[in-house]
1. Roughly speaking, what is the stretch gain from Ala56 to Glu80, that is 0.36 nm per residue apart minus the C-alpha to C-alpha distance, in nm to one decimal?
2. Could you tell me what percent of the accessible area of the chain is made up of carbon and sulfur, with a 1.4 Å probe and every protein chain present?
3. How are the Cα pair distances of the chain distributed, in percent, across 10 Å bins from 0?
4. For Glu72 and Asn3, calculate 0.36 nm times their separation in residues minus their Cα-Cα distance, and state this gained length in nm to one decimal.
5. Kindly report the accessible area of the chain per residue (heavy atoms of protein chains, probe 1.4 Å, no ligands, DNA or RNA), in Å².
Amino acid sequence: MANDVWALAEIANGKLAGISLQLANKAAELAGQLGGSSAAVAMGTNTAAAAQELGACGVKTVYAADGAVYDEYLIQPHVETLAALVQQHQPAV
């Protein structure tokens, strides 16, 4: 928790954006250097497939919020979900 590093994964139209894999890889690398664990937050539809791809990049945990509400580009659902996760788990980065 204290040295955990998270990456925010972008899912559009049910597909994980390529940049998300790069961020996940860097999160895993940095977490290793800090002696922590890496995680990714994925919000959207088809988060199960995204979680598998993120795990292949070295991410240890994927916090997934699956729902069409995240595909509508409304900021409020994203903020509420991310704030609750950060408050609960308190990652370093």
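1. Roughly 5.9 nm would be gained on extension.
2. On the way: 2950 of 5310 Å².
For the chain, the apolar C and S fraction of the accessible surface comes to 56 percent.
3. Going out from 0 Å in 10 Å bins, the chain shows 19, 50, 28, 2 percent.
4. Details: separation 69, 0.36 × 69 = 24.84 nm, distance 3.26 nm.
Between Glu72 and Asn3, full extension yields an extra 21.6 nm.
5. Spelled out: the 1.4 Å probe surface of the chain, per residue, equals 57 Å².
The values are calculated or read from the model by the stated rules, or taken from the named source; none is laboratory data. On a predicted model such as this, the values are computed, not experimentally measured, just so you know. Heavy atoms of the whole protein, side chains included, go into the accessibility calculation; ligands, DNA and RNA do not. Shrake-Rupley method; radii C 1.70, N 1.55, O 1.52, S 1.80 Å.
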